[in-house]
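Structure record follows, encoded as structure tokens.
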């Protein structure tokens, strides 16, 4: 898989209205975002597409941890499901999730 580097910039409006912050510790923040596929008529919320990212403010770096559709995780509590996946696969971030 070829890696392409993009700079991810969160505008102030986005931070206030569309990023749901769950955990913040030191310079790393784990966030859940919604997104839509370009060229479709669906809204970002209506699409059901989700992305879990780790934002490191000190390094100016965003790591994509998980991309999924809201129905992919099963269960009744989406937040606990994605947190479980992150805990299992990203041990170094485990303490950020409580």
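The values are calculated or read from the model by the stated rules, or taken from the named source; none is laboratory data. Predicted model only: the values in this text are computed from it and were never measured. Backbone-built Cβ (ideal geometry, glycine too); neighbour counts: all protein chains shown.
Contact map, segment 38-65: first residue under 13 Å from residue 93 (Cβ atoms), second residue modelled with pLDDT under 85 and exposed (fewer than 13 other Cβ atoms within 10 Å of the Cβ), Cβ cut-off under 6 Å, separation 6 or more or different chains; pairs are 56/27. Among the residues of segment 34-69, those identified as out of contact with any strand residue (DSSP E or B) (no Cβ under 8 Å at 6 or more places or on another chain) and on the phi > 0 side of the Ramachandran plot are 39, 60.
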